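The values are calculated or read from the model by the stated rules, or taken from the named source; none is laboratory data. Everything quoted here is computed from the prediction, not taken from an experiment. Virtual Cβ from ideal backbone geometry, glycine too; neighbours counted across all protein chains shown.
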Amino acid sequence: MDFGFFTIMAIALASSVLSFLLARKPQQMTPAAVEQLTIPTVHDGDSIGKLYGTKKINSAAVRWYGHVRTEAIVKEGGRKYGFFGKKQKFTVGYKYFGGIHFVLGLSHFDRITRIEVGDKVAWSGLASLASKSGYSRLNINQPNLFGGEESEGGIQGALDIGFGYKEQGRNSYLAARQGSDCPAYRGVMSVILRQMYLGTSPYIKPWSIWGQRIFVNEDGAPQWYPTKAAIGTPKSMALYIALDRSGSMGSGPGSRMENAKTAIISVLEGLRALGASSPIDIMFVAWSGSKNSILRRNIGSAGVEDVINFVGNITSIFDGTNFEMAVNDASGFFDGAGNKPRYVMFITDGEPNLGSVTQAAATLFSISGVRSYAFNIDLANTTETAKMDNTPEDGVPVVEGDDPGPLQNAIMNALFSQIDMNPVHIIREMMTDQDAGAQMLQSDFGSSWQQAADVVHAEGLGVSLLWHEEESVDVMVAEVIRHIDAIRYEDPETGLWEIKLIRGDYDPDTLPELNPSNSQVLEWRQTPPDELINQITVEFWNHRTGENDAITVQDIAAITQLGRVKNRTMQYLGFSHAGSALQAGQRDLAQMSRPFGRGKVRANRVASGYRPGDVFRLVDPDSGLAGVICRVAKVRDLALGHIELDVTEDVFGVEFNTYAEPGESLWEDPIGNPRNLASAVGYEAPYLLLLRDGRDDELAALPAGGGYYGYAGERPDGGGHLNYMLYVALQGDPAAEDDIADFVPVAELQAAGATATTLPLARLDGAGLMQAGTLACIGSGDWTRDEWVQIVTAPADDATELTVLRGVADTTPKPIPEGAILYAVEAILTLALDSYSEGQTVVGHGAPINSNGQWGGPFLERPVTMAARIERPYPPANLKVNGVSFPDEEFLDTAATFALTWNHRDRLVQSQTVVDWFESANYGPESGTTYRVTVDAYDVYGDLLQTGVIDENVGLVATYDADFTLHPLPAETVFADLQVWTDRGGEQSLQAATARIRFFAPPFDLTGEFIPD
């Protein structure tokens, strides 16, 4: 017998045992010191917001937290003695559970509609009041929301919702934790987590809760004129749900079928919450190669329950995936629904039977007015399903089959995108809000309010906002009135409050007339041409993202006439839809892009019936007014039977207005009235700029997260201006004088590429102050994307180009659009006197001053949300793709790997050194630096297809291969943005080094054949 083999095995086993005994054992994890958790809490007397409409509440205050426990996450390791013994178990982390009491705002919400944790949707639906004395219970089952136990865990457990009515009792969970002193928390809206699973980290992710209050007044009473209180709500609907029940949907707990049924039942529960005020027809079809269905019309709670029970009993069947079966009954269903809005929810998980799609689509879209939303479950190829979809705003969502949440969210978002409150209702409610100091009663309002509510409802101009009552009632009422362009006034005859919408709802041929026989024009002026605006940027709150957004409208003819863009930013943060913001922008542009007149008129008693908002014709030959249509702004009753009117030319009457040629003036003021800044930029001061300004001591004393607001204004066109007054305040606060500032030298640039270091100039102002070495900012409209440069050579007054170092300090080079303005900020540095903290939004504007006074507005306001810029690491520099900076070639879509290289940069090492972004030397990097590579995909139109195709922290390296075989791009990708960010201990660089690559759009590699004539 050969003993060699056994000898070798014995030695190997002994060696393994010895190695294990000598090896370092895995360290058992211990839970964090949960008693040291610090969560900001609200205290008695703190401001709590009052909700109007539907809003994402990011700042929900934590009134109490506690009842924290941990649960070990245990994984099996190797055997105790190498090949022998029991497998060992190791604690690899902990699950954290806790109780939290969130206070969302003052009481009486209609419902909660969505809960987001860490920017992920944990729940959506319609959670409404159960009883005035009790609490509504909600269960969230998202244990894998943040990646499960292998990552950051998820959210799971029960929470209570308290609507704050005066009948509300104490919450049983809070009472058990807080004892007999626990209040009932009446008057506030509460969400109470009952020791929920919060994730695998003791650092609790931020909770954002979407709430709605429309149909209940702030005191809990029913809303005035409820049928027109909501804008965007489905007043009725016919809903056709077609669910694939083919065999691939599976069966049993955790299957696609069970999760889809759970999602649909949740949607049906939400529809039941709408109540009888919203008559709904529902047809549910379970389809495959055959079908089963249920239909209920004008359903109440019982009808919804019938459909829920039917859905709950559906099972999968292996007989194909025939799209025709899904929609064959749709035409008959909608024919019986009358004029109700028509919705289809088409849900499938598999490729269709051959030939079934064309006929199914023809059947579906032969139905007039149908809106069809199609969804794929675990099926990435949406080509066939897209043929059943005619709602491009959401595409064809591909949802996960192992989780009901994504499908439920997608359907809810389709049906209930956003419900706003009628702003006429908001104004009226604020004026009667005695808690906020208002004194009006419901009997103090005239009939015009209902008429205005009807008009605004028809226009779809809903508003949603959260009022913290830091602003007065009058200020907030004025803000809402500005959104809808209206005037409110007290009628001197009736003593009632009335409201007038500024609309073109009049016949110009029947308007009353004021002329020299019954009136005298005391004052008349028109907007000077240099004050006209040809572009409006409207900032609004986007309900799709829960964040502020912006759109731009232009008067192309006015831009062409002036030769450049003159923009003004208007904030309408109560609007939640781009359409409403667009409507407001077009309205403002119409008023600001033409030289409208305004003035004062004294009239006899013929004008005694004029009220604010009324329209009339004004004739005054001495002023050149030959029947100009004007609107009353204010009315003053004077002595001796005279009426004085403040009037403005009406924007809706422009096409009917006539001006006579006025007599020539014999004198012209060579200076003229003050004018607005020609342009301006706001920014948070970069670290390098502050050091070069000698602010070392101030920086050392600055609290963590602090920074300085900067503003640079360009000298107005003409007017002999001396300087300007800088006004700075936190957003929402009244503007306050900060300091006198001088105009900054500027250069208007022609278009240039990201690699250009010699920039062509369209014009230059203040060349004498642009010295070599001056730091300058190229404004983009978004200060976080502005590029900073350093001037290399001082330009002459007539210079046509400017040489610079690109992408200095914490910025990166970018293509320069035509007309961009370069502000030589360091030449005339203007910073706010006070410092501000991270997250605060600071708004500044400049008011130019000349010998005739100070510009009175409108102003070039430049809001900046502070981002702790001075503490952030610098981005990497000199990024190259396959050895090329900013490649302009097109790559085949078969290209798999792109080699990225970059150089290090260091905020501290470069504290007194300006380094060109393209310099290939390494500086630093700072201690703790790593790099994060992200890739986003775009289609041929530049629309975003997918973020985070790659999102990877690659460590402290200077190279990375972006491999699209491991990270496939979406099928329609034409552009991909490759971005490299710097991360230092959780602080991310302000900007990323970015390269955009373009792929050839197929087909390519075609073979041509010459065919002679």
Name the residues in region 459-488 that are without any contact (Cβ under 8 Å) to a residue 60 or more places away in the chain, in contact with a helix residue (DSSP H, G or I) (Cβ under 9 Å, 6 or more places away or on another chain) and among the small types (Gly, Ala, Ser), would you? Ser472
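Condition check: of a type outside the set (Phe, Trp, Tyr) and either assigned by TED's automatic domain parsing to the domain that holds Pro813 or at pLDDT below 90 (or both). Does Arg998 satisfy that?
On the way: of a type outside the set (Phe, Trp, Tyr): yes; either assigned by TED's automatic domain parsing to the domain that holds Pro813 or at pLDDT below 90 (or both): yes.
Yes; evaluated as a whole, the condition is true for this residue.
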Would you please list the contacts, defined by Cβ atoms under 7 Å and residues six or more apart or on different chains, that run from a residue in region 392-417 that is of a type in the set (A, V, I, L, M) to a residue that is at pLDDT 70 or above and part of a loop (DSSP other than H, G, I, E, B)? Val396/Thr382; Val396/Asp389; Val398/Leu379; Val398/Ala380; Val398/Thr382; Ala410/Pro397
Within region 598-618, can you find the residues that are surrounded by fewer than 19 Cβ atoms within 10 Å (Cβ to Cβ) and part of a strand (DSSP E or B)? Arg598, Lys600, Arg602
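Quick one: would you say Gly942 is on the phi > 0 side of the Ramachandran plot, of a type outside the set (D, E, K, R) and outside any loop (DSSP other than H, G, I, E, B)?
Numbers: on the phi > 0 side of the Ramachandran plot: yes; of a type outside the set (D, E, K, R): yes; outside any loop (DSSP other than H, G, I, E, B): no.
No; evaluated as a whole, the condition is false for this residue.
For residues that are β-branched (Val, Ile, Thr) and at positive phi, tally how many sit in region 791-849.
Initial filter on region 791-849 (β-branched (Val, Ile, Thr)): 791-793, 800, 803-804, 808, 811-812, 816, 821, 825, 828, 830, 841-843, 849.
Filter once more, keeping what is at positive phi: none.
Selection size over region 791-849: 0.
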Those residues that are at pLDDT 85 or above and charged (D, E, K, R), I need them from region 340-357; list them, please. Arg342, Asp349, Glu351
Which is closer than 19 Å to Ile57 by Cβ and at pLDDT below 90, of Ser151, Ser128, Ser180? Ser128
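Looking only at region 254-274, which residues are within 16 Å of Pro406 (Cα to Cα), assigned to a helix (DSSP H, G or I) and either polar (S, T, N, Q) or in contact with a Lys or Arg (Cβ under 8 Å, 6 or more places away or on another chain) (or both)?
Within region 254-274, Met257, Asn259, Thr262, Ser266 meet the criteria.
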Go through region 412-454 and give me each residue that's assigned to a helix (DSSP H, G or I) and polar (S, T, N, Q). Asn413, Gln434, Gln442, Ser443, Ser448, Gln450, Gln451
Can you tell me which residue within region 366-397, out of those that are of a type in the set (A, V, I, L, M, F, W, C) and buried (at least 17 other Cβ atoms within 10 Å of the Cβ), is farthest from the chain's Cα centre (by Cα)? Ile367
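Quick test for you: out of Leu956, Leu969, pick the one residue that is touching a His at 6+ places or on another chain (Cβ under 9 Å), modelled with pLDDT of 90 or more and assigned by TED's automatic domain parsing to the domain that holds Trp902.
Numbers: Leu969 fails: touching a His at 6+ places or on another chain (Cβ under 9 Å).
Only one candidate passes the filter, namely Leu956.
Looking at the structure I just gave you, is Asn381 at pLDDT below 90 and part of a helix (DSSP H, G or I)?
Details: at pLDDT below 90: yes; part of a helix (DSSP H, G or I): no.
When the stated conditions are applied, Asn381 does not pass them.
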So, in region 824-879, of the ones that are buried (at least 18 other Cβ atoms within 10 Å of the Cβ) and of a type in the set (Asp, Glu), which residue ends up nearest to the chain's Cα centre (by Cα)? Glu861
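I need a count of the residues in region 731-756 that are farther than 22 Å from Arg564 by Cβ and surrounded by 16 or more Cβ atoms within 10 Å (Cβ to Cβ). Walk me through how you get there before you give the answer.
Step one: filter region 731-756 for residues farther than 22 Å from Arg564 by Cβ, giving 731-742, 754-755.
Checking which are surrounded by 16 or more Cβ atoms within 10 Å (Cβ to Cβ) leaves us with 735, 738, 741-742, 754.
So the count comes out to 5.
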Close pairs (9 angstrom Cβ cut-off, 6 or more residues apart or separate chains): outside any strand (DSSP E or B) in region 283-296, β-branched (Val, Ile, Thr) and buried (at least 18 other Cβ atoms within 10 Å of the Cβ) anywhere: Ser288/Thr321; Gly289/Thr321
Are any residues in region 941-968 surrounded by 14 or more Cβ atoms within 10 Å (Cβ to Cβ) and in contact (Cβ under 8 Å) with a residue 40 or more places away in the chain, and if so, which ones? Ala958, Tyr960, Ala962, Phe964
Can you find, within region 238-278, the residue that is nearest to Arg213 (Cα to Cα) among those that are modelled with pLDDT of 90 or more and among the charged types (D, E, K, R)? Lys261
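Of the residues that make up region 220-233, is at least one at pLDDT 90 or above and not assigned by TED's automatic domain parsing to the domain that holds Gly332?
Keep residues of region 220-233 that are at pLDDT 90 or above, which gives 224.
Next cut, not assigned by TED's automatic domain parsing to the domain that holds Gly332 only: 224.
Yes, the conditions are met somewhere in region 220-233.
May I ask you to say which residue of Gly303, Gly338, Gly332 is more than 34 Å from the chain's Cα centre (by Cα), more than 19 Å from Ala260 (Cβ to Cβ) and assigned to a loop (DSSP other than H, G, I, E, B)? Steps first, please.
Values: Gly303 fails: assigned to a loop (DSSP other than H, G, I, E, B); Gly332 fails: assigned to a loop (DSSP other than H, G, I, E, B).
Matching residue, one of Gly303, Gly338, Gly332: Gly338.
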So the strands (runs of 3 or more DSSP E) completely within region 712-817 holding 2 or more residues that are without any contact (Cβ under 8 Å) to a residue 24 or more places away in the chain, under 29 Å from Val842 (Cα atoms) and not assigned by TED's automatic domain parsing to the domain that holds Leu908 are 736-741
Wholly within region 84-134, which strands (runs of 3 or more DSSP E) include no fewer than the required count, namely at least 3 residues that are out of contact with any strand residue (DSSP E or B) (no Cβ under 6 Å at 6 or more places or on another chain) and in contact (Cβ under 8 Å) with a residue 24 or more places away in the chain? 120-128
Restricting region 579-616 to residues that are out of contact with any strand residue (DSSP E or B) (no Cβ under 8 Å at 6 or more places or on another chain) and touching a residue at least 60 places away in the same chain (Cβ under 8 Å), the one farthest from Thr527 (Cα to Cα) turns out to be Gly579
Subset of region 494-516, residues closer than 12 Å to Asp614 by Cβ and of a type in the set (Ser, Thr, Tyr), comes to Tyr506
Which one of these is touching a Pro at 6+ places or on another chain (Cβ under 6 Å), buried (at least 18 other Cβ atoms within 10 Å of the Cβ) and in contact (Cβ under 8 Å) with a residue 24 or more places away in the chain: Ala937, Ala995? Ala937
Complete set of residues in region 405-453 that are under 28 Å from the mean Cα position of the chain (by Cα), polar (S, T, N, Q) and modelled with pLDDT under 90: Gln408, Asn409, Asn413, Ser417, Gln418
Suppose the filter is touching a residue at least 24 places away in the same chain (Cβ under 8 Å) and in contact with a helix residue (DSSP H, G or I) (Cβ under 9 Å, 6 or more places away or on another chain); does Thr901 pass it? no
Among the candidates Gln450, Gln434, single out the residue that is of a type outside the set (A, V, I, L, M, F, W, C), free of Cβ contacts under 8 Å to residues at least 24 places away in the same chain and over 17 Å from Asn542 (Cα atoms). Gln434
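Got at least one residue in region 463-473 being within 20 Å of Gln586 (Cα to Cα) and either at pLDDT 90 or above or touching a Leu at 6+ places or on another chain (Cβ under 8 Å) (or both)?
As a first pass, look at region 463-473 and keep what is within 20 Å of Gln586 (Cα to Cα): 463.
The next check asks that each one be either at pLDDT 90 or above or touching a Leu at 6+ places or on another chain (Cβ under 8 Å) (or both); those that pass are 463.
Scanning region 463-473, I find at least one residue that is within 20 Å of Gln586 (Cα to Cα) and either at pLDDT 90 or above or touching a Leu at 6+ places or on another chain (Cβ under 8 Å) (or both), so the answer is yes.
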